[in-house]
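In what follows, a structure is listed as structure tokens, so that the remarks can point back to it.
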Amino acid sequence: MGGVEYIAIFFSFIIGAVFGGLAAFLSRRMVFNRQLRIAERKAARMVAEARNESKNVLQEAQEEAKRTRTSADSDYRERRGEQQRQENRLNQKSETLDRKLEGVEQRERNLTNKEKEIETTRSQLGELKDKQLKQLELISGMSSMEARQILLDTMEVEMQQEASRRLHQWESKLKEEADEKAQDILASAIQRSASDIVTETTVSVVPLPNDEMKGRLIGREGRNIRALEQATGVDLIIDDTPEAVTLSSFDPVRREIARVALHRLILDGRIHPARIEEMAVKAKEEVDADIQNAGEQAALQLGVQLHPELVKLLGRLKYRTSYGQNALEHSMEVAYLAGMIASEIGANVNTAKKVGLLHDVGKAVDREVEGTHAAIGADLVKQWEKSPEVLDGVAEHHFETGDVGIWGYIASAADAISSARPGARRESLDSYLKRLKALEDIADSFKGVEKSFAIQAGREVRILVKPESIDDLGAMRLARDIVKKVEETLSYPGQIKVTVIRETRAIDYAK
């Protein structure tokens, strides 16, 4: 029994092992099958997702390709349109050039025909001229050479007369050689002398600290402004100008007195009629002292001795102007120039300076005195100056007397330099333009003149003539005729140069 039990147990163990292994195999197979099914489902989902994604990518690629094709088609159409427009423009330009070439060819044919017509007309004119010349020879009973000789003789006589007239003019100008030689002296004197130009005016502007001062200057019922005008003899203008009033008077000395008095009143602050009269008296004393000091400084700078009354009159010129030029500065400048001229010609320099300094002293007195400023100045100088040369120079510097001596010429030359130098005095633009227009009108009045130009501030006129109307000899006659008319109709200093230009131009084109 024992051996059979062991065999049964052994077989049982083997059978159990077999069934256990089979069960384990089956269990693993079931797990494997389940995992396989899960993997297959995942693979199926991934395949589906890949198919959907590829389908989307393909669709987007198709849309992008469609957009690219549309854009390319649009660019192609635009470039094609631009190319078509350029071709149209080129065709239009080609047609325009063709038309212009046809026009040029037509004008060339017309010019050729006109040249032939001109040549024919020229031949006809030559024949007509020969016929007329023969008829004139028959009528006059002389040949063309004889007529030409008579014309030349006549022109020769006329030119001799003209030469005689010009020679007479040059002979008269020989008397002015001294002045011409002195040009270098005068130019040097001008360069060495300069003065400030003060604009001539009849008003002075006085600044105010504020606009309330205007009411105080007017005063109650205008008593302050009336007192100021009565005390100074000027008009006080109070308008809307901010922080300023205007003094108006034709007498510059009175205007200066009023300006000083008003300035002191504004600084003082006490403005009433009594104070105004007091300030006007003090201002007059101050201006008189300034006048005296200006005269003394002028005489001191020039190194001349003058009577105190002449010094006072000379100082009044500080407040006088003529054509924008300060009278005292002008007188001092004339004195310097006269001294320079006198030193060059060997005359008394001190006398020349005194004449130049006093030459316009007649302008210092009021206009109630009748006569020219040269005559008035001579009368004033005669009262206090003992030198007859100074008296003569002042009286003669404008050549208003019968005889003019050396001092009159020196003063006149120095006065002209000081007045005529650029910037010294103002010239009216209207009078300047009228003077130039009158000169051009005279030139334009002659037949055959094409254009005329007045240049060099009216010292020269240039005339362009028509070459087919005036020949070379006619241009010479035209210049002489214009000179005669200018001399007869215009008044001018110095001389005017007349230049007649006859120009012939030949123009052709290279093709």
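The values are calculated or read from the model by the stated rules, or taken from the named source; none is laboratory data. Just so it is clear, the structure is predicted and the values come from calculations on it, not from any experiment. Virtual Cβ from ideal backbone geometry, glycine too; neighbours counted across all protein chains shown.
One residue stands out among those in the range 355-380 that are farther than 17 Å from ARG320 by Cβ and modelled with pLDDT of 80 or more: the one that is surrounded by the most Cβ atoms within 10 Å (Cβ to Cβ), which is VAL355.
Take ALA147 and tell me if it is among the small types (Gly, Ala, Ser), closer than 30 Å to LYS484 by Cβ and surrounded by 10 or more Cβ atoms within 10 Å (Cβ to Cβ).
Answer is yes for this residue.
Restricting attention to the range 262-286, and to residues there that are part of a loop (DSSP other than H, G, I, E, B) and farther than 16 Å from GLU229 by Cβ, which single residue is modelled with the lowest pLDDT?
GLY269
Given the criteria among the polar types (S, T, N, Q), farther than 30 Å from VAL500 by Cβ and at pLDDT 85 or above, does ASN326 qualify? Answer is no for this residue. If the condition is being within 28 Å of the chain's Cα centre (by Cα) and in a strand (DSSP E or B), then the range 457-496 contributes GLU460, VAL461, ARG462, ILE463, LEU464. Every condition in (1) touching a helix residue (DSSP H, G or I) at 6+ places or on another chain (Cβ under 8 Å); (2) surrounded by fewer than 16 Cβ atoms within 10 Å (Cβ to Cβ); (3) in a helix (DSSP H, G or I) is met by THR499 except one, and the failing one is (3). The condition (being surrounded by 15 or more Cβ atoms within 10 Å (Cβ to Cβ), touching a helix residue (DSSP H, G or I) at 6+ places or on another chain (Cβ under 8 Å), at pLDDT 90 or above and among the polar types (S, T, N, Q)) is satisfied by just one residue among SER412, SER387, SER452: SER452. Residue pairs whose Cβ atoms lie under 8 Å apart, sitting 6 or more positions apart in sequence or on different chains, and linking a residue in the range 213-230 that is on the phi > 0 side of the Ramachandran plot to a partner that is not in a helix (DSSP H, G or I), are GLY219/ILE271; GLY219/HIS272.
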